[in-house]
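Below is one structure, written out as structure tokens, with a few remarks after it.
The values are calculated or read from the model by the stated rules, or taken from the named source; none is laboratory data. None of these values were measured; they are calculated from a predicted model. Note that we place each Cβ from the backbone using ideal geometry, even for glycine, and neighbour counts take in every protein chain shown.
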Amino acid sequence: MNNIFSFMLCGVVILFSCKNSKKENNDLSSSDNSNVSKYLFGNIDGKEVYQFKLTNHNNVSVAILNYGGTITSINVPDKNGQMGDVVLGFDSLSGYLQKDNPYFGCLVGRYANRIAHAKFKLNTMEYKLAANDGKNTLHGGLKGFDKVIWNVVHASDTSLLLSYESKDGEEGFPGNVKTEVLYTLSSNNELKIIYKATTDKATPINLTNHTYFNLSAGTDDNILEHELQLDADQFTEVNKELIPTGKQLAVAGTPMDFNKSKRIGFDIEKVKGGYDHNWMLNKKPDVLACVGSLYHPASGRYMEIFTTQPGIQFYSGNFLDGKLTGKRGQHYLQHGGLALETQHYPDSPNQPSFPTTILQPGENYFQTTIYKFSVK
């Protein structure tokens with residue numbers, strides 16, 4: 001049965017149908033192609049890579065590549081009206097192509113996060129994947145959705161629709177999967193990302209965006225003074241390889257408790273290696289709800305996160321080490337940015353107790369995430 005619901009956001013009632021398994025079309029396309037800001041960003045194997053810039057009436061802007069669906073910049077005002085770019089990234093395509101690019105800004109698939117031992121069983125068949133994170137699979141394998149050129153279906157001044165067809169057997173996953181991702185920038189400074197996918201064979205799918213945020217817009221070289229709030233009473237415990245053990249632990253009384261807004265640097269030293277965990281969100285399945293917020297007191301920039309997904313991976317940029325030279329020549333130090341990846345849980349294909357990530361033929365994968373920017 002379809003899960004149709006409405007919610008109030010910025011004074012507008014929006015109606016969504018967000019069930020993963022439904023047979024409606026959920027057409028993401030639009031006929032408005034006016035005022036497109038499109039720039040040639042480079043070439044890969046003779047194919048052109050373009051950057052599309054979405055801009056609203058508040059002069060807030062988001063730049064996105066058709067390579068990996070990568071968000072290269074988000075410019076929003078601080079409490080004094082000063083605009084600033086609040087995401088990490090590179091000035092040129094070569095930066096995004098280098099091997100040590102830590103997934104800055106990209107779409108992640110076919111399966112975001114980790115799959116243990118680079119394999120899973122489905123319908124008595126065992127599927128072997130590329131082991132690109134030790135002996136495990138991370139973010140879709142060696143050439144995931146982040147490393148392909150997406151087809152531009154539609155582009156306007158405030159929206160961009162991308163599509164990609166992942167062939168049966170790509171990176172070891174079964175089924176031909178057709179994926180569409182719609183980016184929309186609203187007049188209320190909301191960046192909305194809608195994900196849709198279909199398959200002709202049962203397959204796991206878990207899509208997200210891997211943007212690294214630093215709301216100081218480069219003023220602070222780390223995010224430890226940011227304040228984070230997550231509406232989650234539990235998280236999935238992980239082993240030393242960051243693979244879920246299957247245990248679902250309470251956050252209360254631990255450094256993982258962000259139910260009340262807390263400075264990220266307050267407890268981070270108590271978490272070995274830093275934060276890189278999945279929080280189980282306190283929300284009804286498939287319902288779009290506000291699940292957290294990020295605040296930078298010095299600039300006043302404030303970001304709220306809405307999603308239909310059951311989990312969120314908070315990664316505190318632990319592996320940044322100053323070796324990467326990013327935009328404007330800035331060296332990204334440890335904790336230089338953070339990712340808030342709305343998702344299903346890591347390793348779900350091997351964890352029967354987790355919400356399923358298996359998409360069946362005839363069903364639609366359909367998920368929504370919104371990052372809403374304001375000041376306080």
Would it be correct to say that LEU333 is in a loop (DSSP other than H, G, I, E, B), of a type outside the set (Ser, Thr, Tyr), over 20 Å from the mean Cα position of the chain (by Cα) and farther than 15 Å from LEU215 by Cβ? yes
Yes/no for GLY253 being out of contact with any Phe, Trp or Tyr (no Cβ under 7 Å at 6 or more places or on another chain) and on the phi > 0 side of the Ramachandran plot: yes
Being surrounded by fewer than 21 Cβ atoms within 10 Å (Cβ to Cβ), touching a residue at least 24 places away in the same chain (Cβ under 8 Å), of a type in the set (Ser, Thr, Tyr) and closer than 28 Å to ASP45 by Cβ: is that true of SER94 here? yes
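Which one of GLU304, GLU241 is in a loop (DSSP other than H, G, I, E, B) and among the acidic types (Asp, Glu)? Talk me through it step by step, then tell me what you get.
On the way: GLU304 fails: in a loop (DSSP other than H, G, I, E, B).
After ruling out the rest, the residue left standing is GLU241.
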So which residues in the range 219-262 are more than 21 Å from the chain's Cα centre (by Cα), farther than 16 Å from GLN313 by Cα and surrounded by 15 or more Cβ atoms within 10 Å (Cβ to Cβ), if there are any at all? ASP220, ASP221, GLU225, LYS262
When the range 149-197 is checked residue by residue, the ones that are within 30 Å of LYS121 (Cβ to Cβ) and among the basic types (Lys, Arg) are LYS167, LYS178, LYS196
Scan (1) touching a strand residue (DSSP E or B) at 6+ places or on another chain (Cβ under 7 Å); (2) under 30 Å from ALA197 (Cβ atoms); (3) in a loop (DSSP other than H, G, I, E, B); (4) of a type in the set (Gly, Ala, Ser) for the single condition GLY362 breaks and write down its number. (1)
Result of the Cβ filter at 8 Å on the range 239-252, keeping first residues that are more than 13 Å from LYS135 (Cα to Cα) and partners that are exposed (fewer than 11 other Cβ atoms within 10 Å of the Cβ) and not small (Gly, Ala, Ser), at least 6 apart or interchain, is THR245/ASN239
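Do you know which residues across the range 264-277 are among the basic types (Lys, Arg) and either surrounded by 15 or more Cβ atoms within 10 Å (Cβ to Cβ) or assigned to a loop (DSSP other than H, G, I, E, B) (or both)? Full working, then the answer.
Residues of the range 264-277 among the basic types (Lys, Arg): 270, 272.
The answer is LYS272, and nothing else.
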So in the range 78-119, with the set limited to residues that are assigned to a loop (DSSP other than H, G, I, E, B) and among the hydrophobic types (A, V, I, L, M, F, W, C), which one is farthest from TYR371 (Cα to Cα)? PHE90
Which of (1) exposed (fewer than 15 other Cβ atoms within 10 Å of the Cβ); (2) touching a helix residue (DSSP H, G or I) at 6+ places or on another chain (Cβ under 6 Å) does LYS143 not meet, given it meets every other one? (2)
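Restricting attention to the range 37-60, and to residues there that are under 26 Å from PHE373 (Cα atoms) and touching an Asp or Glu at 6+ places or on another chain (Cβ under 9 Å), which single residue is modelled with the lowest pLDDT?
Checked the range 37-60; the qualifying residue modelled with the lowest pLDDT is SER37.
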If only one of PHE319, PHE306 is in contact (Cβ under 8 Å) with a residue 60 or more places away in the chain, surrounded by fewer than 16 Cβ atoms within 10 Å (Cβ to Cβ) and under 30 Å from MET83 (Cβ atoms), which one is it? PHE319
What do you reckon, is LEU182 under 30 Å from PRO361 (Cβ atoms) and in a strand (DSSP E or B)? yes
Which numbered condition in (1) basic (Lys, Arg); (2) assigned to a strand (DSSP E or B); (3) under 20 Å from the mean Cα position of the chain (by Cα) is the only one that LYS143 fails? (2)
